[in-house]
1. Given the options ALA236, ALA269, name the one that is touching a Gly at 6+ places or on another chain (Cβ under 7 Å), more than 27 Å from THR211 (Cα to Cα) and buried (at least 20 other Cβ atoms within 10 Å of the Cβ).
2. List pairs: first residue in the range 208-219 and closer than 16 Å to GLN193 by Cα, second residue among the β-branched types (Val, Ile, Thr) and surrounded by 12 or more Cβ atoms within 10 Å (Cβ to Cβ) anywhere in the structure, Cβ distance under 8 angstrom, at least six positions apart or on different chains.
3. Which of (1) in a loop (DSSP other than H, G, I, E, B); (2) surrounded by 15 or more Cβ atoms within 10 Å (Cβ to Cβ); (3) not aliphatic (A, V, I, L, M) does PHE228 not meet, given it meets every other one?
4. Taking the condition of being more than 14 Å from LEU76 (Cβ to Cβ), of a type in the set (S, T, N, Q) and in contact (Cβ under 8 Å) with a residue 40 or more places away in the chain, how many residues in the range 93-132 meet it?
5. Among the candidates GLY283, GLY310, GLY263, single out the residue that is closer than 26 Å to ASN140 by Cβ, part of a loop (DSSP other than H, G, I, E, B) and either in the same structural domain as VAL121 (by TED's automatic domain parsing) or small (Gly, Ala, Ser) (or both).
6. I'd like the residue in the range 305-325 that is of a type outside the set (S, T, N, Q) and out of contact with any strand residue (DSSP E or B) (no Cβ under 9 Å at 6 or more places or on another chain) and, out of all such residues, is modelled with the lowest pLDDT.
7. Taking the stated definitions as given, is ALA208 in the same structural domain as PHE318 (by TED's automatic domain parsing), farther than 23 Å from PHE297 by Cα and assigned to a strand (DSSP E or B)?
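The values are calculated or read from the model by the stated rules, or taken from the named source; none is laboratory data. Quick caveat: nothing in here was measured; it's all calculated off a predicted structure. Note that each Cβ is placed from the backbone with ideal geometry, even for glycine, and that neighbours are counted across all protein chains shown.
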Amino acid sequence: MKRREFIMLLGGATVAWPLAARAQQAAMPVVGFLNSTTPDADRLRAFRQGLKDIGYVEGENVAIEYRWAANQNDRLPGLAAELVRRRVAVIVATGGTLPALAAKAATTTIPIVFGVGDDPVKLGLVSSLARPGGNATGINFFLGELTAKRLEILRELVPAAARVALLVNAANATRAASTVRDAEEAAHAMALQINVFRASNSDEIHAAFDTLQRQRPDALFVGSDPFFTIRRVQLATLAARHGLPASFGSRENVEAGGLMSYGTNIDEAFRQNGDYTGRILNGEKPSDLPVVQSTKFELVINLPTAKTLGITVSASPFARADEVIE
C-alpha cells in the first residue's frame, strides 16, 4: 500500500471510531422510571440488582430516566407523558397504583412494568394475571388484603386496645378509601373503634399527631402507602414521643423504630420489577409475562420499642415473627 493511501485510511479510521462510539451510545436503551414519592436508596438498589441479574447495568448498557412525583400525584400524568415523548424503551411505574394508571393512560405501545398493591385486573391494567394481554405487566404485592391480618396482629400485641387511630395518605385517595373500608370492616369484627386521620406531607403528619395527643387512642395503624415509608423516621419518632404502639405495612418503618409491620418484602418486589424490565429489553413481550404475585409476607417486631412501650410480646406473635429486631 502506498504511503498516501495508508495515511488516508488511517485518517478515515480516526473519524470512524468516535462515530461508532456515538452510535453505540445512542443505541443504549433508555428505561423510564416513574414513582409517586422521592428516591429511596434501598428500593433503587433492589431494582438495579434485578436489572443486573438479566445483564443490564445502569450507565454501561442501559440508561434510566427518573421521574419523581414527591407525593404530588396530580403531577404523574405529566411525568408519564414526558417519558413517552422521550421514547423510552420501557416505563417502570412504581410507588402505588397511581403511577401505573398514569403510565397506562399515557401509552398503549411502550411496555410498562408496574408494582401495585391492588388487583391489577380490577384496575384495568391487565386482562388477566396469567396472560396480561396488553402492554403492561408487573408485580402485585397485596396491600389491601393484608389490612385485616395486620390489625389482628396489632390487637394481639396490644390486647387491651379499644380505640385505634388510622392514618392514611390524603394524596392517594383511592388507596386511602380502600384502607379505611377494609380497616373499619376488620375493626367491627374485633369490636374496635377506628378514628381516621389523613396526611399528605410532613406538616400534616405533625398536625395529626397533635390531635392524637389530645384524643389518646390505644394504638396507631398506619396505612400501607409509599409516602409513609419515605416518612418512616418522622412517624417512628412521633409514635415513640406520644407512647403509641404503631403498626406499619413496611419493615423499614420497624427498622426506624416502629413497633411492628406485616406485609410483602417490597425490596424483593422492586428486584422483580428490574428482572421483568431486563427481560423486556431482551425482547420478551409484557403480554406474555404473567403478573407476579407476592407469596411471602413478613412479620417484623421491634423488641426494644415494645419494651419502651411496656408491651410484653406474647408467645404467638413472637413465634410467628420472621424477624425480631433486638
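1. Selected residue: ALA269, the only one of ALA236, ALA269 that is touching a Gly at 6+ places or on another chain (Cβ under 7 Å), more than 27 Å from THR211 (Cα to Cα) and buried (at least 20 other Cβ atoms within 10 Å of the Cβ).
2. PRO217/VAL164; ASP218/VAL158; ASP218/VAL164; ALA219/VAL158; ALA219/VAL164
3. (1)
4. Here the count works out to 0.
5. On the way: GLY310 fails: closer than 26 Å to ASN140 by Cβ; GLY263 fails: part of a loop (DSSP other than H, G, I, E, B).
Result: GLY283 is the single residue among GLY283, GLY310, GLY263 that is closer than 26 Å to ASN140 by Cβ, part of a loop (DSSP other than H, G, I, E, B) and either in the same structural domain as VAL121 (by TED's automatic domain parsing) or small (Gly, Ala, Ser) (or both).
6. Checking each candidate, the answer is ALA315.
7. No: the conditions fail for ALA208.
For every residue, the table says whether it meets (1) outside the structural domain of GLY134 (by TED's automatic domain parsing); (2) in contact with a Leu (Cβ under 6 Å, 6 or more places away or on another chain); (3) surrounded by fewer than 20 Cβ atoms within 10 Å (Cβ to Cβ).
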| residue | (1), (2), (3) |
| --- | --- |
| ALA46 | no, no, no |
| GLU65 | no, no, yes |
| ALA70 | no, no, yes |
| VAL88 | no, no, no |
| VAL92 | no, no, no |
| GLY95 | no, no, no |
| PRO99 | no, yes, no |
